[in-house]
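Trainee: Below is one structure. I have some questions about it.
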Amino acid sequence: MGGTHTIVTTTPNSPTAPIRRRMPVIPESRYEEIRPGPELADPNFPFLKPYPAAAVQPVPVSPAVNTVTANNAALMAPGNSQ
């Protein structure tokens, strides 16, 4: 059977802020095995920080990425912003 999954969000980094109010937490590899606990409620916990801005390069993609039923890799092809 399926498990339960959560997308944890945080404030956006500078490249993401003009596009979105929130962004998913992208954990560093040292946090891959983190499990829910009281430390996650602390907004200063390093896991909850925005991904480094220097590591992000925004590119236009199709607005269809916001449609739940759209599910193919071509939607995220750079320049596919119809």
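This table checks each residue for (1) exposed (fewer than 11 other Cβ atoms within 10 Å of the Cβ); (2) at pLDDT 75 or above; (3) closer than 19 Å to residue 8 by Cβ.
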| residue | (1), (2), (3) |
| --- | --- |
| 18 | yes, yes, no |
| 40 | no, no, yes |
| 48 | no, yes, yes |
| 73 | yes, yes, no |
| 77 | no, yes, no |
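Trainee: Another one. For the subset of region 39-69 comprising residues that are aliphatic (A, V, I, L, M) and in a loop (DSSP other than H, G, I, E, B), which member is nearest to residue 6 (Cα to Cα)? Even if it seems obvious, please write down each step before you answer.
Mentor: Start the filter on region 39-69 by keeping residues that are aliphatic (A, V, I, L, M), which leaves 40-41, 48, 53-56, 59, 61, 64-65, 68.
Filter again for in a loop (DSSP other than H, G, I, E, B), leaving 56, 59, 61, 68.
Values: 56: 22, 59: 25, 61: 24, 68: 16 Å.
Looking at residues that are aliphatic (A, V, I, L, M) and in a loop (DSSP other than H, G, I, E, B), I get 68.
Trainee: Just to be sure, is residue 59 over 13 Å from the mean Cα position of the chain (by Cα) and at pLDDT 75 or above?
Mentor: Values: over 13 Å from the mean Cα position of the chain (by Cα): yes; at pLDDT 75 or above: yes.
Spelling it out, residue 59 is indeed over 13 Å from the mean Cα position of the chain (by Cα) and at pLDDT 75 or above.
Trainee: Right, something else. For the list (1) assigned to a loop (DSSP other than H, G, I, E, B); (2) modelled with pLDDT under 75, I need the number of the one condition that residue 3 fails.
Mentor: Only one criterion in (1) assigned to a loop (DSSP other than H, G, I, E, B); (2) modelled with pLDDT under 75 is unmet by residue 3, namely (2).
Trainee: Pick from region 20-38 the residues that are within 12 Å of the chain's Cα centre (by Cα) and assigned to a loop (DSSP other than H, G, I, E, B): which of them is modelled with the lowest pLDDT? Before you say what the answer is, go through the steps one by one.
Mentor: Here is the first cut: in region 20-38, the ones within 12 Å of the chain's Cα centre (by Cα) are 20-27.
Cutting the leftovers down to assigned to a loop (DSSP other than H, G, I, E, B) gives us 20-22, 25-27.
Working: 20: 88, 21: 94, 22: 93, 25: 86, 26: 82, 27: 76.
The qualifying residue modelled with the lowest pLDDT is 27.
Trainee: A follow-up question, please. Consider residue 48 against the criteria (1) in contact with a strand residue (DSSP E or B) (Cβ under 7 Å, 6 or more places away or on another chain); (2) within 21 Å of residue 78 (Cβ to Cβ): it satisfies all of them except one. Which criterion is unmet?
Mentor: (2)
The values are calculated or read from the model by the stated rules, or taken from the named source; none is laboratory data. This one's a predicted model, so the numbers in the text were calculated from it and none came from an experiment. Don't worry about glycine lacking a Cβ; one is built from the backbone with ideal geometry, like all the others, and counts go over all protein chains shown.
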